[in-house]
Amino acid sequence: MAESSNNLPSLVVGLTGGIGSGKTAVSDYFASLGVPIIDTDIISRAVVAKGSPALKTICDKLGPDVLTHDGELDRRQLRSAIFNTPELKIWLEQLLHPLIRQEVGRRLALANSDYAIVAIPLLAENWPYPYINRVLVVDVPEEVQLQRACARD
């Protein structure tokens, strides 16, 4: 493997696109070819897993209503809490985005590949990711996005 001086793959592609655009299909295809895929949706759930420091910080700030009866993050309650409060949304992003970036970097360092794909649904909104060399945007007509989004569980 050709490694950069920091053990990251020499080519890291940021895969992005709107809801229902087909990002998962594209990342699944690349994964079938053996390309390491790092999915920030999965990482974002892991950093707020039950018992995590980030979940404790969120609970300390917003109260126990953001937890399910099992002690997991209640995403619906969290969305409700931050929906009309831009300051809370900014606070949450400032808490979580560095943790997500750190975990992406850690996983890239372990990828053992010349290249990797990082799936980041809102890449433009969450820039910068300093280790991304190229961006692949998955785009479909809005009607297709809407049909796919409505067909989801």
Fill in: Kirkwood-Stokes translational diffusion coefficient of the stretch 1-71, alpha-carbon pairs, 37 °C, 0.692 mPa s, µm²/s
214
Fill in: Computed label-point distance, nm, for sites residue 112 and residue 57 using a 7 Å Cα→Cβ extension
3.2
Item to complete: For the stretch 80-144, divide the Cα radius of gyration by the Kirkwood radius and give the resulting Rg/Rh value with two decimals.
Response: 1.05
Discussion item. Can you compute the charge dipole magnitude of the chain about its Cα centre, using +1 on each Lys and Arg Cβ and -1 on each Asp and Glu Cβ, nothing else charged? Give it in debye, rounded to the nearest 20.
Written reply: 200
Worksheet entry | 5 Å binning of all Cα-Cα separations within the stretch 11-151, expressed as whole percents from 0 upward | 2, 9, 17, 19, 17, 16, 13, 6, 1
Discussion item. What FRET efficiency comes out for residue 102 versus residue 140 if R0 is 30 angstrom and r is the Cβ-Cβ distance? Round to the nearest 0.05.
Written reply: 0.40
Worksheet item: Efficiency by 1/(1 + (r/R0)^6): what FRET value for residue 85 and residue 7, r their Cβ-Cβ distance, R0 = 41 Å, to the nearest 0.05?
Response: 0.55
Worksheet item: When only Cα pairs under 8 Å and 6 or more residues apart are kept, what is the percent relative contact order across the stretch 11-151?
Response: 54
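Values quoted throughout were computed directly from the atomic coordinates according to the rules given, and no laboratory measurement underlies them. All values derive from a computational prediction rather than experimental measurement. No Cβ is skipped: glycine too gets one built from the backbone with ideal geometry, and neighbour counts run over all protein chains shown.
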